[in-house]
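The values are calculated or read from the model by the stated rules, or taken from the named source; none is laboratory data. Note that this is a predicted model, so its numbers are computed, not measured. Quick reminder, even Gly has a Cβ in these numbers, built from the backbone with ideal geometry, and neighbours come from all protein chains shown.
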């Protein structure tokens, strides 16, 4: 059985042997990296509040740039007192009660319960599974 592959012509002005990525980047990516780095330098008890403040600033800034891809997150309280910041791309950042920061997958790294109604499904509780997460290194 033969396969049909449509002809692909290079875009005008590009090297026909080069590949380009269609992955979108955002100014928020660098801002988020900076927010994590700044938060890691803060005293552990202050990290949750500082990170929340920095993320709100990124959200507000990106909201003023409609030409960029949307940048969203939601904040939740973990059952252990942690602060969980869930991004729109399946990733979360957790600040545990001691101020340690963790990289997490939004679904796999939590025990999650939901409240389900006729019209909505919302998170009722999140229990972090730290053993499945990656700890941010302290710089």
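Exactly one residue out of 79, 119, 100 is surrounded by fewer than 11 Cβ atoms within 10 Å (Cβ to Cβ) and at pLDDT 95 or above: that is 119. Applying a threshold of 6 Å to beta carbon distances and a minimum spacing of six or more residues, or different chains, the list of pairs starting in segment 16-43 at a residue that is on the phi > 0 side of the Ramachandran plot and part of a loop (DSSP other than H, G, I, E, B) and ending at one that is loosely packed, with under 12 Cβ neighbours inside 10 Å and at pLDDT 50 or above is empty. When you scan segment 47-67, do you find a residue that is more than 14 Å from the chain's Cα centre (by Cα), surrounded by 15 or more Cβ atoms within 10 Å (Cβ to Cβ) and part of a loop (DSSP other than H, G, I, E, B), even just one? Checked against the condition, which is being more than 14 Å from the chain's Cα centre (by Cα), surrounded by 15 or more Cβ atoms within 10 Å (Cβ to Cβ) and part of a loop (DSSP other than H, G, I, E, B), segment 47-67 yields no hits at all. Look at segment 104-115: where a residue is without any contact (Cβ under 8 Å) to a residue 12 or more places away in the chain and a partner is in a strand (DSSP E or B), sitting 6+ places away or on another chain with Cβ atoms under 8 Å, you get 114/121; 114/122; 114/123; 114/124; 115/121; 115/122; 115/123; 115/124. Selection over segment 85-102 of residues that are farther than 11 Å from residue 128 by Cα and assigned to a strand (DSSP E or B) gives a count of 5. Of the residues making up segment 103-112, just one is part of a strand (DSSP E or B) and exposed (fewer than 12 other Cβ atoms within 10 Å of the Cβ), namely 111.
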